Amino acid sequence: MTTFKEIRGNLIKSTSTDPANPQEGQIWYNSTSQVLKGEEILGAWSSAPSLNTARFTSGGTGKTQNAVLVAGGLGASPTNTPPFPILSATEEWDGASWTTSPGSLNTARRNITLFGTQTSAIGAGGGAPSYTNASESYDGSTWTNTPSLNTTRSLLSGAGGTNTSGLVFGGFLPPTTAATEEWNGSTWTTSPGSLNTARFNLGGVGVQTAALGFGGSDPAQSTHTESYDGSTWTTLSAMPTGTGEQGVGGTQTSAIGAGGYTTVYSAGSYSWDGTSWSDIANLATARAGLKGGGSNNTNAIVAGGQTGAAAVADSEEFNYTPVTRTFTTS
């Protein structure tokens, strides 16, 4: 019979007290209580304060769970039926509440993409209501018009570290595009590397030289995952379920995708570890067109979206919590 040492490479330690800071997967025998214990890390979504303005198909970005930016999108209508107002309003999340910024987008639009940080971001493309190539830079209080994208598109995605370095990819012209463009702080340049699978409404995280694009529609909901190294897109392991319009956060090697649209509005969420995707806890509210941010696959926040025809303002945070388990016979 295989032993624990053969599996893990070490023996189970016997100790009179539980370890002060056990690691995920660690197992020990508590000689005082005479029980075998182990450490498990559980991830869960919890409710957070709502956006000031309910919206969907907005843009969102943030490199940490406590500093996220959303802008634009479609707002609620009195009857939850079209036409929905196209928004220019911007909101900032500080880890405790959403605050409406004094700086609104110069061009109100839906299906815009944002990349960067809460105080240094780029917003590009979208529908206003027609397709646009407009690009704007945010400095933490004000949006300033910048040179336009080379390819007019809506429903695109982006990744980047600041408002001086990033990229956009995919989207809808029409038709669907695989084109990638890089931003250097003053100019958009079309990259020789296009997505291997053209699609729109895909998730995007990372920075200009290490980005991840996943899911989307082409036109059916897509499971494709691709990484970008600054010049070339490479196809990686597929998502468990084809999903577009997700809320996302993280990096090229550690990301979360939450909610979105499969064939219905989804509450499902997925974790990326750099190699493969796995299912994690569901959102409380199934929705698509939500936005958010986060630093990796252990923490994120998503906000807004739509459930049917209704725009929502709900926010939810994802966190991992360590839990010590006691092993029993069965």
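The values are calculated or read from the model by the stated rules, or taken from the named source; none is laboratory data. What you are looking at is a predicted structure, and each value in this text was computed from that prediction instead of being measured. Note that we place each Cβ from the backbone using ideal geometry, even for glycine, and neighbour counts take in every protein chain shown.
Residues satisfying the criterion are absent from segment 260-278 (criterion: farther than 20 Å from G170 by Cβ, aliphatic (A, V, I, L, M), at pLDDT below 95 and under 15 Å from the mean Cα position of the chain (by Cα)).
Annotation for segment 227-242: at least one member residue is of a type in the set (V, I, T), without any contact (Cβ under 8 Å) to a residue 60 or more places away in the chain and assigned to a strand (DSSP E or B).
Select, from L195, L212, L167, the only residue that is in a loop (DSSP other than H, G, I, E, B), hydrophobic (A, V, I, L, M, F, W, C) and surrounded by 20 or more Cβ atoms within 10 Å (Cβ to Cβ).
L195
Taking segment 128-139 on its own, how many of its residues are surrounded by 14 or more Cβ atoms within 10 Å (Cβ to Cβ) and either touching a residue at least 40 places away in the same chain (Cβ under 8 Å) or closer than 20 Å to G294 by Cα (or both)? Looking only at that region, the number is 5.
Every residue in segment 44-97 that is among the polar types (S, T, N, Q) and over 20 Å from G161 (Cα atoms), please.
S46, S47, S50, N52, T53, T57, S77, T79, N80, T81, S88, S97
Keeping to segment 293-314, report how many residues are assigned to a strand (DSSP E or B) and surrounded by fewer than 24 Cβ atoms within 10 Å (Cβ to Cβ). So the count comes out to 5. If you go through segment 1-56 and pick out every residue that is touching an Asp or Glu at 6+ places or on another chain (Cβ under 8 Å), outside any loop (DSSP other than H, G, I, E, B), surrounded by fewer than 16 Cβ atoms within 10 Å (Cβ to Cβ) and modelled with pLDDT under 70, you end up with 2.
May I ask you to verify whether T64 is among the polar types (S, T, N, Q), surrounded by fewer than 22 Cβ atoms within 10 Å (Cβ to Cβ) and within 22 Å of A159 (Cβ to Cβ)? Taking the combined requirement at face value, the residue satisfies it. Inspect segment 93-110 for any residue being β-branched (V, I, T), in the same structural domain as T253 (by TED's automatic domain parsing), in contact (Cβ under 8 Å) with a residue 12 or more places away in the chain and crowded, with 19+ Cβ neighbours inside 10 Å and give the result as yes or no. So far as segment 93-110 goes, no, none of its residues is β-branched (V, I, T), in the same structural domain as T253 (by TED's automatic domain parsing), in contact (Cβ under 8 Å) with a residue 12 or more places away in the chain and crowded, with 19+ Cβ neighbours inside 10 Å. The number of residues in segment 116-169 being closer than 12 Å to G59 by Cβ and at pLDDT below 95 comes to 0.
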